[in-house]
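Written below as structure tokens is the structure these notes are about.
The values are calculated or read from the model by the stated rules, or taken from the named source; none is laboratory data. If you're wondering where the values come from, they're calculated on a predicted model, not measured in any experiment. For neighbour counting, all protein chains shown are included, and Cβ atoms are generated from backbone atoms with ideal geometry for every residue, glycine included.
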Amino acid sequence: MHRPLSATAEATSNIALVKYWGKRDVALNLPSTGSISVTLDALKTRTSVRFDAHLDADRITFPGHASAAGTARITRFLDLVRERAGIDLPAAVETENSFPTAAGLASSASGFAALAVACDAALGLGLSPSALSVLARRGSGSAARSIFGGYVEMDPGRAADGSDAFASPLAPAEQLPLALLVAVTARGAKSVGSTEGMQRTEATSPYFEGWTRQVPRDLEAMRAAIRAADLEQVGTLAEANCLRMHAAMLGATPPLLYWNATTVAVMQAVAELRSGGTGAWFTIDAGPQVKVVCAPSDAAEVARHLEAVPGVEEVLRAAPGPGARVVSEIAS
Ligand code: PMV
């Protein structure tokens, strides 16, 4: 009998306060160092999956345009799930993002967290939260963190098979209320993808070693700052850690410069806010957008200041939010 196994899940993006940059194993997507992030309440992906014997092959639907590489990455992820479930059924995957995909905002964290949770529910795998994080990590390293809400720490693990490389909750969202503003400085920007960027940094940057040596210290300081609910310390550490990651990237051959002129103008605008007495700190990932952390009560003023920077296209606003969750399930 034909019995489609389907489920829909939602997950949101997360922003790393101590970044992940470097892999100890590329095939298994194992990070060289740990990372700490905050899962957001916005920048959401909703993914439906249906394993169905009536399909000839996997059918993957993205909003807007689908890149061949993006589709292949999802098929590889579905193969892992099928192997684990001991099935051979093709799947239909439909994905929707609450943010414009062409905005050059990372969607792999929310995307693979939502897909992992949807596949688990559709096939009734009953994976624990840690096992879901391990599975999401295979799609994208940062996705392992979006399984959980609030403040989250990723453990790089030591095992060669990656079974101990997963994220866990560090503190609930309420521990440290903050606003996260995303200054969009370019749309659809083509940059070097994170896997290629990490490999290039590791292989060629003389500063990569310094980066991996520093991260454990940054993790320890960040844990303490979150525990103390000290926003100024969290922001200061996040900004320093981001600059250290970009220093390692800039030392690569050819150099990885992810910033544009507006990125730098926003960094300067954040410094100006601070000189004027408003607490705001930036962090930047492998792209030109600038994420700014501030107190919720300062968010309107900070947003106005960022919007006034020439070249800023839009400022999006988010706060700490929940982890990935199933929103509907029709497994039979
Ligand atoms: O999850 P990936 O492979 O897209 O890598 C994420 C890398 C950074 O966004 C730059 C840092 C991080 O920890 O999210």
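Observations on the structure shown:
- Test: residue in segment 266-273 that is in a helix (DSSP H, G or I), over 29 Å from Pro172 (Cβ atoms), in contact with a helix residue (DSSP H, G or I) (Cβ under 9 Å, 6 or more places away or on another chain) and not aliphatic (A, V, I, L, M): yes
- Test: residue in segment 218-236 that is within 15 Å of the ligand (Cβ to nearest atom) and either assigned to a loop (DSSP other than H, G, I, E, B) or not aliphatic (A, V, I, L, M) (or both): yes
- Per this entry, Val93 is not counted among residues that are farther than 30 Å from Gly210 by Cα, crowded, with 16+ Cβ neighbours inside 10 Å and touching a Cys at 6+ places or on another chain (Cβ under 6 Å).
- Enumerated strands (runs of 3 or more DSSP E) restricted to segment 1-119, each holding at least 2 residues that are at pLDDT 95 or above, basic (Lys, Arg) and within 16 Å of the ligand (Cβ to nearest atom): 23-25
- Considering residues of segment 260-291 that are of a type in the set (D, E, K, R) and away from the ligand (no atom under 16 Å from the Cβ) only, the residue surrounded by the most Cβ atoms within 10 Å (Cβ to Cβ): Arg274
- Cross-chain or 6+ apart pairs with Cβ under 7 Å, segment 141-160 first and without any contact (Cβ under 8 Å) to a residue 60 or more places away in the chain and closer than 24 Å to Ala118 by Cβ, then of a type in the set (Phe, Trp, Tyr) and assigned to a loop (DSSP other than H, G, I, E, B): Ala144/Phe166
- Residue match in segment 238-258 (condition: basic (Lys, Arg), assigned to a helix (DSSP H, G or I), surrounded by 16 or more Cβ atoms within 10 Å (Cβ to Cβ) and within 14 Å of the ligand (Cβ to nearest atom)): yes
- Pairs meeting the criteria (first residue in segment 21-50 and free of Cβ contacts under 8 Å to residues at least 60 places away in the same chain, second residue more than 13 Å from the ligand (Cβ to nearest atom), beta carbons under 9 Å, at least 6 apart or on different chains) are lacking.
- Scan of segment 234-250 for residues that are under 12 Å from Met198 (Cα atoms) and in contact with a helix residue (DSSP H, G or I) (Cβ under 8 Å, 6 or more places away or on another chain), ordered by number: Met245, Ala248, Met249
- Among the residues of segment 140-153, those that are in contact with a Lys or Arg (Cβ under 7 Å, 6 or more places away or on another chain) and either closer than 18 Å to Asp25 by Cβ or among the small types (Gly, Ala, Ser) (or both) comprise Ala143, Ala144.
- Where Gly193 falls short, out of the listed (1) closer than 17 Å to Pro31 by Cβ; (2) modelled with pLDDT of 95 or more: (2)
- Members of segment 120-157 found to be within 12 Å of the ligand (Cβ to nearest atom), part of a helix (DSSP H, G or I) and more than 12 Å from the chain's Cα centre (by Cα), listed by number: Arg138
- When segment 181-209 is limited to residues that are of a type in the set (Gly, Ala, Ser), surrounded by 14 or more Cβ atoms within 10 Å (Cβ to Cβ) and away from the ligand (no atom under 13 Å from the Cβ), the one that is farthest from Thr33 (Cα to Cα) turns out to be Ala186.
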